[in-house]
Amino acid sequence: VQLQASGGGSVQAGGSLRLSCVTSGRTFRRYSMAWFRQKSGKEREFVGGISRSEGRAVYSDSVKGRFTISRDNAKNTVYLEMNSLKPEDTAVYYCAAEIDGFLSTRPNQFDYWGQGTLVTVSS
């Protein structure tokens, strides 16, 4: 299984970006999906996750109300819509997949990872 993340870039504070993560294979519906981020010199942290079928989502407190995670099972793709971006959102963003999982938030619970996409927010 391969995850390919894209959509990162540089934006000014207050701006928006949309990240995408395409997953290979035919079992995307079995994956609970999530986005994590890793700031320079820090540990990887949970950003948001979405369940396999009904699309229930959870978010970290730091992004709640600004970020929205969604998925398109027909396209094997999960998205992260990021609005009202702040300089502290600057990080490498990773998508992750957990087989038959449900809204996990710890990195060690996930089975597959994308390569990361850099988001830089300037003030």
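The values are calculated or read from the model by the stated rules, or taken from the named source; none is laboratory data. Owing to the predicted nature of the structure, the values given are computational and were not obtained by experimental measurement. Neighbour counts are summed over all protein chains in view; Cβ atoms, including those assigned to glycine, are modelled from backbone coordinates with ideal geometry. Side chains are part of the model used for accessible areas, which takes the heavy atoms of the whole protein and leaves out ligands, DNA and RNA. Shrake-Rupley method; radii C 1.70, N 1.55, O 1.52, S 1.80 Å.
Conditions first: (1) buried (at least 17 other Cβ atoms within 10 Å of the Cβ); (2) on the phi > 0 side of the Ramachandran plot. Gly14 passes all but one, so which condition is the exception?
Only one criterion in (1) buried (at least 17 other Cβ atoms within 10 Å of the Cβ); (2) on the phi > 0 side of the Ramachandran plot is unmet by Gly14, namely (1).
Among the listed residues Gly114, Gly25, which satisfies the condition of being surrounded by fewer than 19 Cβ atoms within 10 Å (Cβ to Cβ) and not hydroxyl-bearing (Ser, Thr, Tyr)?
Result: Gly25 is the single residue among Gly114, Gly25 that is surrounded by fewer than 19 Cβ atoms within 10 Å (Cβ to Cβ) and not hydroxyl-bearing (Ser, Thr, Tyr).
Name the single residue that is surrounded by the fewest Cβ atoms within 10 Å (Cβ to Cβ) among those in region 43-55 being closer than 19 Å to Phe28 by Cβ and touching a strand residue (DSSP E or B) at 6+ places or on another chain (Cβ under 7 Å).
For region 43-55, the residue satisfying everything is Gly55.
Do any residues in region 107-118 that are within 10 Å of Phe36 (Cβ to Cβ) and in contact (Cβ under 8 Å) with a residue 12 or more places away in the chain have Cβ atoms under 7 Å from those of residues that are open to solvent by 20 Å² or more (accessible area, probe 1.4 Å) and of a type in the set (A, V, I, L, M), where the two are at least six apart or on different chains, and which pairs are they?
Gly116/Val92
Would you pick out the residues in region 6-28 that are assigned to a loop (DSSP other than H, G, I, E, B) and within 25 Å of Gly101 (Cα to Cα)?
Ser24, Gly25, Arg26, Thr27
All but one of (1) in contact (Cβ under 8 Å) with a residue 40 or more places away in the chain; (2) within 30 Å of Ser123 (Cα to Cα); (3) open to solvent by less than 20 Å² (accessible area, probe 1.4 Å) hold for Ala97; state the number of the condition that does not hold.
Condition (2) is where Ala97 drops out.
Could you check how many residues of region 65-87 are more than 14 Å from Phe36 (Cα to Cα) and open to solvent by 60 Å² or more (accessible area, probe 1.4 Å)?
The qualifying residues number 5.
Here's the yes/no breakdown for (1) over 11 Å from the mean Cα position of the chain (by Cα); (2) assigned to a strand (DSSP E or B):
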site	(1), (2)
Ser32	yes, yes
Trp35	no, yes
Glu43	yes, no
Phe46	no, yes
Glu54	yes, no
Ile69	no, yes
Glu88	yes, no
Val92	no, yes
Leu103	yes, no
